[in-house]
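Here's the structure we're looking at; comments come further down.
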Amino acid sequence: MIGQKDSEMFPSFRDVPNTGVIYVMSKAQKQGFVYGSDDWANLGQGAPETGLLYPGEKRLTSIVIDPSCSEYSPVAGARALRQAVADLYNVRYRRGMASQYTYENVAISSGGRSGLARVAASLGTVHLGHYLPDYTAYEELFDAFKGFVPIPILLEEADGFRATADQLKHEIVSRGLGAVLLSNPHNPTGQVIYGPELERYVGIGRQYRCSLIFDEFYSHYLYDEVQAAHRSLSAARYVEDVDRDTVIVLDGLTKNWRYPGLRIAWTLGPKEIIKRIASAGSFLDGGAAHPIQKAVIPLLDPGFADEQALSIQKSFVEKRNYMIAALDVLGLQLPHRPKAGFYCFVSLKTLKPELQDGIEFFEAALAHKVITVPGKFFDVNPGNRRRHLPSRLSQYARFSYGPSKVELERGMSRLQELLR
(Lines give C-alpha, C1' and ligand atoms only; values in the text may rest on other atoms or scores of the structure.)
Protein backbone atom coordinates (compact mmCIF):
# COMPACT_ATOMS: atom_id res chain seq x y z
CA MET A 1 0.00 0.00 0.00
CA ILE A 2 1.34 3.44 -0.93
CA GLY A 3 2.64 5.32 2.09
CA GLN A 4 2.54 2.27 4.33
CA LYS A 5 5.46 2.04 6.75
CA ASP A 6 7.74 -1.01 6.68
CA SER A 7 6.79 -1.76 10.30
CA GLU A 8 3.15 -1.93 9.24
CA MET A 9 3.89 -4.13 6.22
CA PHE A 10 5.94 -6.61 8.31
CA PRO A 11 4.45 -6.43 11.81
CA SER A 12 5.99 -9.75 12.90
CA PHE A 13 9.54 -8.36 12.66
CA ARG A 14 11.21 -5.57 14.59
CA ASP A 15 13.53 -2.98 13.11
CA VAL A 16 17.13 -4.09 13.57
CA PRO A 17 19.50 -1.12 13.41
CA ASN A 18 22.94 -1.40 11.85
CA THR A 19 25.96 -1.30 14.13
CA GLY A 20 28.05 1.84 13.71
CA VAL A 21 30.61 0.43 11.30
CA ILE A 22 27.95 -1.33 9.19
CA TYR A 23 26.02 1.93 9.03
CA VAL A 24 28.96 3.95 7.73
CA MET A 25 30.02 1.28 5.26
CA SER A 26 26.46 1.01 3.90
CA LYS A 27 26.33 4.79 3.45
CA ALA A 28 29.71 4.75 1.73
CA GLN A 29 28.63 1.98 -0.66
CA LYS A 30 25.60 4.04 -1.66
CA GLN A 31 28.07 6.82 -2.53
CA GLY A 32 30.04 4.46 -4.79
CA PHE A 33 32.57 2.88 -2.43
CA VAL A 34 33.70 -0.65 -3.32
CA TYR A 35 36.21 -2.75 -1.41
CA GLY A 36 39.65 -2.66 -2.98
CA SER A 37 39.04 0.71 -4.65
CA ASP A 38 42.13 2.88 -5.02
CA ASP A 39 39.93 5.98 -5.23
CA TRP A 40 38.70 5.86 -1.61
CA ALA A 41 40.28 6.01 1.83
CA ASN A 42 38.57 3.64 4.23
CA LEU A 43 39.52 4.96 7.66
CA GLY A 44 36.29 3.59 9.07
CA GLN A 45 36.13 -0.18 8.97
CA GLY A 46 37.87 -1.94 11.82
CA ALA A 47 40.08 -4.28 9.82
CA PRO A 48 43.85 -4.40 9.34
CA GLU A 49 45.58 -4.61 5.98
CA THR A 50 45.86 -8.26 5.03
CA GLY A 51 48.77 -8.25 2.58
CA LEU A 52 52.46 -8.79 3.25
CA LEU A 53 53.93 -6.46 5.86
CA TYR A 54 57.46 -7.37 4.74
CA PRO A 55 58.95 -9.34 1.82
CA GLY A 56 58.88 -13.09 2.34
CA GLU A 57 56.39 -13.00 5.19
CA LYS A 58 54.59 -16.35 5.58
CA ARG A 59 50.84 -16.10 4.92
CA LEU A 60 48.12 -18.70 4.47
CA THR A 61 47.33 -18.71 0.74
CA SER A 62 45.27 -21.87 0.22
CA ILE A 63 43.00 -24.24 2.12
CA VAL A 64 42.74 -27.93 1.18
CA ILE A 65 39.44 -29.59 2.06
CA ASP A 66 40.17 -32.99 3.49
CA PRO A 67 37.16 -35.33 2.98
CA SER A 68 36.94 -35.81 6.76
CA CYS A 69 36.33 -32.08 7.12
CA SER A 70 33.19 -32.26 5.02
CA GLU A 71 31.43 -33.45 8.16
CA TYR A 72 30.16 -31.03 10.76
CA SER A 73 32.75 -29.85 13.24
CA PRO A 74 31.85 -30.23 16.93
CA VAL A 75 30.06 -27.03 17.99
CA ALA A 76 32.83 -26.30 20.49
CA GLY A 77 35.36 -26.63 17.68
CA ALA A 78 37.81 -29.21 16.40
CA ARG A 79 39.75 -30.67 19.32
CA ALA A 80 43.15 -30.16 17.67
CA LEU A 81 42.51 -26.43 17.18
CA ARG A 82 41.14 -26.04 20.70
CA GLN A 83 44.30 -27.66 22.09
CA ALA A 84 46.50 -25.45 19.89
CA VAL A 85 44.83 -22.36 21.39
CA ALA A 86 45.29 -23.71 24.92
CA ASP A 87 48.95 -24.49 24.23
CA LEU A 88 49.57 -20.99 22.90
CA TYR A 89 48.21 -19.36 26.07
CA ASN A 90 50.12 -21.75 28.32
CA VAL A 91 53.41 -21.02 26.54
CA ARG A 92 52.88 -17.29 26.37
CA TYR A 93 51.35 -16.54 29.75
CA ARG A 94 51.43 -19.54 32.10
CA ARG A 95 54.96 -20.95 32.11
CA GLY A 96 55.76 -22.56 35.45
CA MET A 97 52.18 -22.32 36.74
CA ALA A 98 50.48 -25.39 38.15
CA SER A 99 47.14 -24.57 36.54
CA GLN A 100 47.22 -24.97 32.75
CA TYR A 101 44.60 -24.61 30.02
CA THR A 102 43.51 -27.66 28.01
CA TYR A 103 41.23 -28.03 24.99
CA GLU A 104 38.28 -28.17 27.42
CA ASN A 105 38.97 -24.53 28.30
CA VAL A 106 38.50 -23.40 24.69
CA ALA A 107 35.51 -22.98 22.36
CA ILE A 108 35.95 -22.07 18.69
CA SER A 109 33.42 -19.78 17.00
CA SER A 110 32.87 -18.31 13.55
CA GLY A 111 34.20 -14.85 14.36
CA GLY A 112 34.29 -12.57 17.36
CA ARG A 113 30.66 -11.45 17.21
CA SER A 114 29.57 -15.08 17.25
CA GLY A 115 31.78 -15.71 20.26
CA LEU A 116 30.37 -12.67 22.07
CA ALA A 117 26.81 -13.75 21.27
CA ARG A 118 27.51 -17.17 22.79
CA VAL A 119 28.85 -15.55 25.97
CA ALA A 120 25.87 -13.19 26.17
CA ALA A 121 23.43 -16.08 25.71
CA SER A 122 25.16 -17.95 28.54
CA LEU A 123 25.04 -15.16 31.13
CA GLY A 124 22.55 -15.41 33.98
CA THR A 125 20.39 -12.71 35.55
CA VAL A 126 23.22 -10.38 36.54
CA HIS A 127 24.15 -6.73 36.24
CA LEU A 128 26.67 -6.62 33.38
CA GLY A 129 29.01 -3.64 33.53
CA HIS A 130 30.21 -2.22 30.20
CA TYR A 131 32.32 0.83 29.44
CA LEU A 132 31.53 4.01 27.53
CA PRO A 133 32.99 4.40 24.97
CA ASP A 134 33.45 0.82 23.71
CA TYR A 135 32.97 -1.43 20.68
CA THR A 136 29.84 -0.47 18.74
CA ALA A 137 28.53 -4.04 18.21
CA TYR A 138 28.01 -4.47 21.96
CA GLU A 139 24.87 -2.33 21.74
CA GLU A 140 22.67 -4.68 19.71
CA LEU A 141 24.23 -7.67 21.45
CA PHE A 142 23.04 -6.33 24.81
CA ASP A 143 19.61 -5.52 23.42
CA ALA A 144 19.10 -8.95 21.85
CA PHE A 145 19.70 -10.97 25.03
CA LYS A 146 17.41 -10.12 27.94
CA GLY A 147 18.78 -12.37 30.69
CA PHE A 148 21.13 -9.70 32.11
CA VAL A 149 20.91 -5.96 32.77
CA PRO A 150 23.60 -3.83 31.04
CA ILE A 151 25.03 -1.19 33.38
CA PRO A 152 27.14 1.59 31.78
CA ILE A 153 30.48 2.63 33.29
CA LEU A 154 31.78 6.01 32.13
CA LEU A 155 35.36 6.49 30.97
CA GLU A 156 36.34 10.15 31.08
CA GLU A 157 38.59 12.02 28.66
CA ALA A 158 40.22 13.78 31.61
CA ASP A 159 41.31 10.38 32.94
CA GLY A 160 42.69 9.27 29.58
CA PHE A 161 39.66 7.06 28.87
CA ARG A 162 41.37 4.46 31.08
CA ALA A 163 39.55 1.67 32.88
CA THR A 164 41.26 1.16 36.23
CA ALA A 165 41.18 -1.48 38.94
CA ASP A 166 39.98 1.06 41.52
CA GLN A 167 37.08 2.03 39.30
CA LEU A 168 36.20 -1.63 38.77
CA LYS A 169 36.07 -2.24 42.53
CA HIS A 170 33.86 0.82 43.05
CA GLU A 171 31.45 -0.23 40.29
CA ILE A 172 31.20 -3.84 41.49
CA VAL A 173 30.45 -2.80 45.07
CA SER A 174 28.14 0.15 44.34
CA ARG A 175 26.15 -1.36 41.47
CA GLY A 176 26.22 -5.02 42.41
CA LEU A 177 27.89 -6.09 39.17
CA GLY A 178 28.04 -9.82 38.51
CA ALA A 179 30.04 -9.50 35.28
CA VAL A 180 32.01 -6.86 33.36
CA LEU A 181 32.81 -6.73 29.63
CA LEU A 182 35.57 -4.61 28.17
CA SER A 183 37.78 -4.47 25.12
CA ASN A 184 41.44 -4.52 26.14
CA PRO A 185 43.27 -3.08 24.24
CA HIS A 186 40.42 -0.64 24.00
CA ASN A 187 38.35 0.10 20.91
CA PRO A 188 38.09 3.02 20.01
CA THR A 189 40.56 4.94 22.20
CA GLY A 190 43.67 2.76 21.92
CA GLN A 191 44.20 2.75 25.69
CA VAL A 192 45.14 -0.48 27.47
CA ILE A 193 45.28 -2.08 30.91
CA TYR A 194 48.48 -4.09 31.39
CA GLY A 195 51.06 -5.21 33.91
CA PRO A 196 50.36 -4.67 37.63
CA GLU A 197 47.14 -2.75 36.90
CA LEU A 198 45.73 -5.67 34.90
CA GLU A 199 46.85 -8.06 37.64
CA ARG A 200 44.93 -5.98 40.21
CA TYR A 201 41.92 -5.85 37.89
CA VAL A 202 41.83 -9.66 37.65
CA GLY A 203 42.38 -9.96 41.40
CA ILE A 204 39.39 -7.73 42.17
CA GLY A 205 37.19 -9.86 39.92
CA ARG A 206 38.40 -12.93 41.83
CA GLN A 207 37.81 -11.29 45.22
CA TYR A 208 34.22 -10.31 44.47
CA ARG A 209 33.38 -13.32 42.24
CA CYS A 210 32.62 -10.95 39.38
CA SER A 211 33.07 -12.53 35.96
CA LEU A 212 35.49 -10.56 33.77
CA ILE A 213 34.98 -10.85 30.02
CA PHE A 214 37.98 -9.57 28.05
CA ASP A 215 37.71 -8.80 24.33
CA GLU A 216 41.41 -9.09 23.42
CA PHE A 217 41.19 -8.87 19.64
CA TYR A 218 43.92 -6.17 19.47
CA SER A 219 46.40 -7.81 21.84
CA HIS A 220 49.23 -7.96 19.25
CA TYR A 221 48.96 -4.21 18.50
CA LEU A 222 51.10 -2.83 21.32
CA TYR A 223 53.31 0.28 21.20
CA ASP A 224 55.66 2.35 23.35
CA GLU A 225 56.10 1.20 26.95
CA VAL A 226 53.40 -1.47 26.59
CA GLN A 227 55.33 -3.19 23.82
CA ALA A 228 58.54 -2.89 25.84
CA ALA A 229 56.87 -4.82 28.66
CA HIS A 230 54.87 -7.34 26.63
CA ARG A 231 55.18 -8.96 23.21
CA SER A 232 51.47 -9.77 23.44
CA LEU A 233 48.84 -9.18 26.09
CA SER A 234 46.24 -11.28 27.92
CA ALA A 235 44.44 -11.35 31.25
CA ALA A 236 45.17 -15.10 31.17
CA ARG A 237 48.61 -14.24 32.56
CA TYR A 238 47.06 -13.32 35.93
CA VAL A 239 44.57 -16.18 36.32
CA GLU A 240 45.41 -18.34 39.35
CA ASP A 241 43.18 -21.34 38.62
CA VAL A 242 41.96 -21.69 35.03
CA ASP A 243 38.86 -23.59 36.16
CA ARG A 244 37.88 -21.38 39.11
CA ASP A 245 38.75 -17.80 38.17
CA THR A 246 35.85 -16.49 36.09
CA VAL A 247 38.05 -14.78 33.52
CA ILE A 248 36.73 -15.16 29.97
CA VAL A 249 39.01 -14.20 27.07
CA LEU A 250 37.89 -13.71 23.46
CA ASP A 251 40.36 -13.43 20.59
CA GLY A 252 40.84 -14.76 17.08
CA LEU A 253 42.57 -14.55 13.74
CA THR A 254 40.62 -11.47 12.62
CA LYS A 255 42.92 -8.73 13.90
CA ASN A 256 45.93 -10.30 15.58
CA TRP A 257 46.77 -12.61 12.66
CA ARG A 258 45.19 -10.27 10.04
CA TYR A 259 42.75 -12.83 8.59
CA PRO A 260 39.32 -11.19 9.00
CA GLY A 261 37.86 -13.24 6.14
CA LEU A 262 38.51 -16.60 7.79
CA ARG A 263 36.03 -15.92 10.63
CA ILE A 264 37.84 -18.00 13.24
CA ALA A 265 37.76 -16.88 16.87
CA TRP A 266 37.96 -18.52 20.27
CA THR A 267 36.71 -18.14 23.81
CA LEU A 268 38.96 -19.17 26.69
CA GLY A 269 37.75 -19.77 30.25
CA PRO A 270 36.84 -22.30 32.95
CA LYS A 271 35.76 -25.60 31.39
CA GLU A 272 32.30 -25.48 33.01
CA ILE A 273 31.65 -22.08 31.46
CA ILE A 274 33.00 -23.26 28.10
CA LYS A 275 30.45 -26.11 28.19
CA ARG A 276 27.66 -23.54 28.55
CA ILE A 277 29.10 -21.39 25.79
CA ALA A 278 29.31 -24.38 23.44
CA SER A 279 25.70 -25.26 24.25
CA ALA A 280 24.69 -21.72 23.28
CA GLY A 281 26.55 -22.17 20.00
CA SER A 282 24.46 -25.24 19.20
CA PHE A 283 21.39 -23.06 18.67
CA LEU A 284 23.02 -19.76 17.74
CA ASP A 285 25.47 -20.65 14.96
CA GLY A 286 26.26 -24.37 14.82
CA GLY A 287 30.01 -23.89 14.86
CA ALA A 288 32.85 -22.66 12.64
CA ALA A 289 33.75 -24.07 9.22
CA HIS A 290 35.54 -27.39 9.70
CA PRO A 291 38.11 -27.15 6.84
CA ILE A 292 39.21 -23.68 7.94
CA GLN A 293 39.69 -24.84 11.53
CA LYS A 294 42.06 -27.56 10.40
CA ALA A 295 43.96 -25.25 8.04
CA VAL A 296 44.71 -22.58 10.66
CA ILE A 297 46.21 -24.84 13.35
CA PRO A 298 49.83 -24.04 12.27
CA LEU A 299 49.11 -20.32 12.75
CA LEU A 300 48.74 -20.96 16.49
CA ASP A 301 52.32 -22.22 16.85
CA PRO A 302 53.78 -19.96 19.59
CA GLY A 303 56.87 -19.04 17.58
CA PHE A 304 54.84 -18.14 14.51
CA ALA A 305 52.30 -16.19 16.60
CA ASP A 306 55.08 -14.13 18.19
CA GLU A 307 56.51 -13.40 14.73
CA GLN A 308 53.08 -12.09 13.73
CA ALA A 309 52.96 -9.85 16.78
CA LEU A 310 56.42 -8.40 16.15
CA SER A 311 55.79 -7.71 12.46
CA ILE A 312 52.49 -6.02 13.30
CA GLN A 313 54.09 -3.83 15.94
CA LYS A 314 56.92 -2.75 13.65
CA SER A 315 54.57 -1.87 10.78
CA PHE A 316 51.67 -0.37 12.69
CA VAL A 317 53.67 1.86 15.01
CA GLU A 318 54.93 3.66 11.89
CA LYS A 319 51.37 4.11 10.63
CA ARG A 320 50.22 5.28 14.05
CA ASN A 321 52.99 7.87 14.24
CA TYR A 322 52.17 9.03 10.71
CA MET A 323 48.49 9.51 11.57
CA ILE A 324 49.25 11.35 14.82
CA ALA A 325 51.54 13.77 12.97
CA ALA A 326 49.00 14.25 10.17
CA LEU A 327 46.20 14.97 12.66
CA ASP A 328 48.38 17.62 14.26
CA VAL A 329 48.98 19.29 10.88
CA LEU A 330 45.23 19.27 10.23
CA GLY A 331 44.50 20.88 13.58
CA LEU A 332 42.49 17.88 14.76
CA GLN A 333 42.78 17.15 18.46
CA LEU A 334 43.87 13.75 19.74
CA PRO A 335 43.12 13.88 23.47
CA HIS A 336 45.22 10.81 24.25
CA ARG A 337 47.90 9.08 22.22
CA PRO A 338 46.85 5.48 21.42
CA LYS A 339 49.11 2.89 23.03
CA ALA A 340 47.53 -0.12 21.33
CA GLY A 341 45.10 -1.16 18.59
CA PHE A 342 44.91 0.76 15.32
CA TYR A 343 42.54 3.65 16.00
CA CYS A 344 42.75 7.32 16.85
CA PHE A 345 39.74 8.65 18.77
CA VAL A 346 39.75 12.23 17.56
CA SER A 347 38.05 15.26 19.10
CA LEU A 348 36.25 17.54 16.63
CA LYS A 349 35.57 20.31 19.17
CA THR A 350 37.97 22.85 17.65
CA LEU A 351 36.60 22.61 14.09
CA LYS A 352 34.11 25.04 12.61
CA PRO A 353 30.61 24.45 14.03
CA GLU A 354 29.22 22.59 11.02
CA LEU A 355 31.96 19.92 11.37
CA GLN A 356 32.00 19.48 15.15
CA ASP A 357 29.35 16.76 15.14
CA GLY A 358 30.68 13.30 14.25
CA ILE A 359 27.77 12.55 11.91
CA GLU A 360 28.17 15.84 10.07
CA PHE A 361 31.92 15.30 9.83
CA PHE A 362 31.34 11.78 8.49
CA GLU A 363 28.96 13.07 5.79
CA ALA A 364 31.37 15.84 4.79
CA ALA A 365 34.34 13.44 4.64
CA LEU A 366 32.27 11.00 2.59
CA ALA A 367 31.89 13.66 -0.09
CA HIS A 368 35.70 13.59 -0.31
CA LYS A 369 35.68 9.76 -0.49
CA VAL A 370 36.99 9.29 3.04
CA ILE A 371 35.23 7.02 5.54
CA THR A 372 35.29 7.70 9.29
CA VAL A 373 33.10 6.51 12.19
CA PRO A 374 31.14 9.03 14.29
CA GLY A 375 32.00 8.90 17.98
CA LYS A 376 28.41 8.60 19.16
CA PHE A 377 28.27 5.01 17.87
CA PHE A 378 30.66 4.07 20.68
CA ASP A 379 28.26 5.48 23.29
CA VAL A 380 26.82 1.99 23.76
CA ASN A 381 23.14 2.47 24.64
CA PRO A 382 21.12 -0.76 24.36
CA GLY A 383 17.42 -0.17 23.85
CA ASN A 384 18.03 3.60 23.98
CA ARG A 385 17.48 3.45 27.73
CA ARG A 386 19.54 6.60 28.22
CA ARG A 387 17.43 9.33 26.60
CA HIS A 388 19.61 12.39 27.12
CA LEU A 389 20.71 14.13 23.92
CA PRO A 390 23.13 14.76 22.38
CA SER A 391 25.53 11.92 23.13
CA ARG A 392 28.54 13.00 25.16
CA LEU A 393 30.64 11.40 22.38
CA SER A 394 28.94 13.25 19.52
CA GLN A 395 31.99 15.52 19.02
CA TYR A 396 34.40 12.65 18.41
CA ALA A 397 35.29 10.46 15.43
CA ARG A 398 37.28 7.26 15.10
CA PHE A 399 39.99 7.12 12.44
CA SER A 400 41.56 3.76 11.63
CA TYR A 401 45.20 3.30 10.65
CA GLY A 402 44.47 -0.32 9.81
CA PRO A 403 44.70 0.25 6.02
CA SER A 404 47.95 0.51 4.07
CA LYS A 405 50.19 3.56 4.39
CA VAL A 406 49.23 4.61 0.84
CA GLU A 407 45.55 4.62 1.76
CA LEU A 408 46.24 6.53 4.97
CA GLU A 409 48.13 9.21 3.05
CA ARG A 410 45.27 9.47 0.56
CA GLY A 411 42.76 9.85 3.36
CA MET A 412 44.67 12.49 5.30
CA SER A 413 45.27 14.48 2.10
CA ARG A 414 41.53 14.42 1.33
CA LEU A 415 40.72 15.54 4.87
CA GLN A 416 43.12 18.43 4.41
CA GLU A 417 41.04 19.48 1.39
CA LEU A 418 37.88 19.24 3.49
CA LEU A 419 39.26 21.36 6.33
CA ARG A 420 40.69 24.16 4.23
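The values are calculated or read from the model by the stated rules, or taken from the named source; none is laboratory data. Treat the numbers as computed from the prediction; the structure is a model and nothing was measured. FYI the Cβ positions are ideal-geometry reconstructions off the backbone, even for glycines, and counts take in every protein chain you see.
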Which condition number in (1) touching a residue at least 12 places away in the same chain (Cβ under 8 Å); (2) over 20 Å from residue 83 (Cα atoms); (3) not in a loop (DSSP other than H, G, I, E, B) is the one that residue 254 fails? (2)
Filtered residues of segment 21-38 (kept if charged (D, E, K, R) and either modelled with pLDDT of 95 or more or within 21 Å of residue 397 (Cβ to Cβ) (or both)): 27, 30
Exactly one of 141, 128, 182, 154 is closer than 28 Å to residue 98 by Cα and either small (Gly, Ala, Ser) or in the same structural domain as residue 252 (by TED's automatic domain parsing) (or both), and that one is 182
Scanning for something surrounded by 19 or more Cβ atoms within 10 Å (Cβ to Cβ) and in a helix (DSSP H, G or I), does segment 37-54 turn up at least one residue? no
Segment 391-413: number of residues that are over 14 Å from residue 132 (Cβ atoms) and in a loop (DSSP other than H, G, I, E, B): 5
Selection status of residue 205, closer than 30 Å to residue 20 by Cβ and assigned to a loop (DSSP other than H, G, I, E, B): no
Quick one: how many residues across segment 347-370 are surrounded by fewer than 24 Cβ atoms within 10 Å (Cβ to Cβ) and among the β-branched types (Val, Ile, Thr)? 2
Quick check: anything in segment 263-279 within 29 Å of residue 372 (Cβ to Cβ), assigned to a loop (DSSP other than H, G, I, E, B) and not aliphatic (A, V, I, L, M)? yes
Report yes if residue 366 is aliphatic (A, V, I, L, M) and outside any helix (DSSP H, G or I), otherwise no. no
Test residue 200 against the criterion of being of a type in the set (D, E, K, R) and assigned to a loop (DSSP other than H, G, I, E, B), and give yes or no. no
State whether one or more residues within segment 344-352 are of a type in the set (Phe, Trp, Tyr), in contact (Cβ under 8 Å) with a residue 24 or more places away in the chain and closer than 10 Å to residue 190 by Cβ. yes
Set 221, 201: member being surrounded by 20 or more Cβ atoms within 10 Å (Cβ to Cβ) and under 18 Å from the mean Cα position of the chain (by Cα): 221
For segment 324-349, which positions are assigned to a helix (DSSP H, G or I) and touching a helix residue (DSSP H, G or I) at 6+ places or on another chain (Cβ under 6 Å)? 326, 330
Restricting to segment 55-99, name every residue that is outside any loop (DSSP other than H, G, I, E, B) and free of Cβ contacts under 8 Å to residues at least 24 places away in the same chain. 67, 68, 83, 90
Considering only segment 369-381, state which residues are closer than 19 Å to residue 186 by Cβ and either over 21 Å from the mean Cα position of the chain (by Cα) or not in a loop (DSSP other than H, G, I, E, B) (or both). 373, 374, 375, 376, 377, 378
Of the residues that make up segment 125-132, is at least one assigned to a helix (DSSP H, G or I), under 24 Å from residue 378 (Cβ atoms), of a type in the set (Gly, Ala, Ser) and within 18 Å of the chain's Cα centre (by Cα)? no
